[in-house]
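The values are calculated or read from the model by the stated rules, or taken from the named source; none is laboratory data. The model shown is predicted, which means the values in this text are computed figures rather than measured ones. Glycine also receives a Cβ, built like all others from the backbone with ideal geometry; neighbour counts cover every protein chain displayed. Side chains included, ligands, DNA and RNA excluded: accessible areas come from the protein's heavy atoms. Shrake-Rupley method; radii C 1.70, N 1.55, O 1.52, S 1.80 Å.
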Amino acid sequence: MKLATLKTGGRDGSLVVVSRDLTRCQAVPDIARTLQAALDDWDRCAPQLAEVSLALNNSHARHAQPFDAAACHSPLPRAYQWADGSAYVNHVELVRKARGAEMPPEFWSDPLMYQGGSDRFIGPRDPITVRDTAWGVDLEGEVAVITGDVSMGATPEECASAIRLLMLVNDVTLRNLIPAELAKGFGFFQSKPATAFSPVAVTPDELGEAWDGARLHRPLEVTVRGEHFGRPECGVDMVFGFPQLIAHVAKTRELEAGSIVGSGTISNVDRSRGSACIVERRMLETLADGKPLTPYLSYGERVTIEMHGADGQSIFGAIDQIVSPALP
């Protein structure tokens with residue numbers, strides 16, 4: 001089934017079930033008013049939500065309404081946990097190589113992870129607001145999962161069974177703020193503003209053969225400034241699957257239902273597939289020509305992130321954002 005959150009009903013929005021073709025939806029206040037409420041009581045809510053989904057897809061829903069992605073918040077407008085990994089080690093190796101840094105061998109066996117701000121996400125059609133584009137505005141196209149409760153020390157096998165939903169991510173990054181932050185030795189903070197997620201989150205069974213329990217095997221389609229930027233394959237070169245990433249987070253803490261774990265920027269060794277972030281292209285340009293050529297984003301410029309199934313239909317809906325000045 002596919003779930004979304006409309007920008008109604010307060011800060012956490014209103015949960016709706018969405019048809020497979022993303023044309024219709026139905027509010028379900030009698031089951032759960034918000035996605036977080038559904039996740040907190042998943043064993044009871046999931047079967048009822050699945051019945052609504054079946055009715056929608058068979059055109060039997062009595063209270064369906066047109067689905068508008070522009071009316072959506074991120075599926076979880078805020079979350080108890082947002083932990084983003086870097087499962088595509090090729091991306092990490094490339095960025096470090098371009099600045100002449102060796103990559104520690106343990107990066108291939110122990111996932112990188114940072115804890116992002118989760119008190120406020122932005123909607124998939126909301127602008128990327130920044131006070132100064134000199135900070136180096138970049139997109140990062142990713143996949144993320146939403147979990148149920150996960151025990152401390154859970155094994156990857158146990159973590160796999162806790163995956164409730166998947167969605168796409170634009171993990172916006174302010175590249176020019178990163179060097180000074182990392183030089184302090186305490187990780188990202190100001191360089192990671194509000195994150196956006198796809199209009200719709202989907203259950204793993206909705207993905208069919210594209211989901212193997214650990215990786216999503218579909219290309220991520222990225223455009224920048226109205227032009228094709230990349231179509232990297234999400235299931236290729238992902239060194240750590242989602243169960244491993246979740247287990248990494250849970251090593252020393254419990255995860256509450258509604259925790260979000262991201263894959264990190266999708267990146268393939270095959271350069272013909274393009275990139276899911278600007279910095280990767282800039283690093284390739286630096287390696288080839290001695291300097292970067294592609295600029296970071298400026299005000300008024302647009303980025304889109306989307307994924308289609310084998311049938312050509314959009315799976316999650318599109319993240320479609322324009323960079324805008326932050327108002328006082």
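Has the stretch 94-103 got at least one residue that is closer than 30 Å to residue 288 by Cα and open to solvent by less than 20 Å² (accessible area, probe 1.4 Å)? It would help to see each step written out before you state the result.
Of the stretch 94-103, the ones closer than 30 Å to residue 288 by Cα are 94-103.
Those still in the list that are open to solvent by less than 20 Å² (accessible area, probe 1.4 Å) too: 94.
The answer is yes; a qualifying residue exists.
Taking the condition of being open to solvent by 30 Å² or more (accessible area, probe 1.4 Å) and either in a helix (DSSP H, G or I) or on the phi > 0 side of the Ramachandran plot (or both), how many residues in the stretch 66-80 meet it?
Residues meeting the conditions: 2.
Check off (1) open to solvent by 30 Å² or more (accessible area, probe 1.4 Å); (2) in a helix (DSSP H, G or I) for residue 33 and give me the number that stays unchecked.
Only one criterion in (1) open to solvent by 30 Å² or more (accessible area, probe 1.4 Å); (2) in a helix (DSSP H, G or I) is unmet by residue 33, namely (2).
Take the stretch 282-312 and flag every residue that is surrounded by 15 or more Cβ atoms within 10 Å (Cβ to Cβ), among the hydrophobic types (A, V, I, L, M, F, W, C) and not in a loop (DSSP other than H, G, I, E, B).
Passing the criteria: 283, 284, 297, 303, 305.
Going by the structure shown, is residue 125 open to solvent by 20 Å² or more (accessible area, probe 1.4 Å), over 23 Å from residue 304 (Cα atoms) and basic (Lys, Arg)?
Considered against the rule, which asks whether it is open to solvent by 20 Å² or more (accessible area, probe 1.4 Å), over 23 Å from residue 304 (Cα atoms) and basic (Lys, Arg), residue 125 comes out as no.
Between residues in the stretch 165-193 that are touching a residue at least 60 places away in the same chain (Cβ under 8 Å) and residues that are among the polar types (S, T, N, Q) and open to solvent by 70 Å² or more (accessible area, probe 1.4 Å), which pairs lie under 9 Å by C-beta distance while being six or more apart or on different chains?
Hits for this filter: 187/115; 188/115; 193/129.
Inspect all residues belonging to the stretch 54-64 and state whether any of them is modelled with pLDDT under 95, under 30 Å from residue 178 (Cα atoms), assigned to a loop (DSSP other than H, G, I, E, B) and not β-branched (Val, Ile, Thr).
no
Just checking, which of 14, 19 is open to solvent by less than 10 Å² (accessible area, probe 1.4 Å) and either at pLDDT 95 or above or closer than 17 Å to residue 166 by Cβ (or both)? Lay out the reasoning, then the answer.
Numbers: 14 fails: open to solvent by less than 10 Å² (accessible area, probe 1.4 Å).
Result: 19 is the single residue among 14, 19 that is open to solvent by less than 10 Å² (accessible area, probe 1.4 Å) and either at pLDDT 95 or above or closer than 17 Å to residue 166 by Cβ (or both).
Considering only the stretch 165-196, state which residues are open to solvent by 10 Å² or more (accessible area, probe 1.4 Å) and part of a loop (DSSP other than H, G, I, E, B).
184, 185, 186, 187, 188, 189, 190, 192, 193, 194
Within the stretch 214-229, how many residues are in a loop (DSSP other than H, G, I, E, B), in contact with a strand residue (DSSP E or B) (Cβ under 8 Å, 6 or more places away or on another chain) and at negative phi?
Looking only at that region, the number is 3.
Look through the stretch 230-272, keep the residues that are part of a strand (DSSP E or B) and closer than 18 Å to residue 88 by Cα, and return whichever of them is nearest to the chain's Cα centre (by Cα).
Out of the qualifying residues, it is 262.
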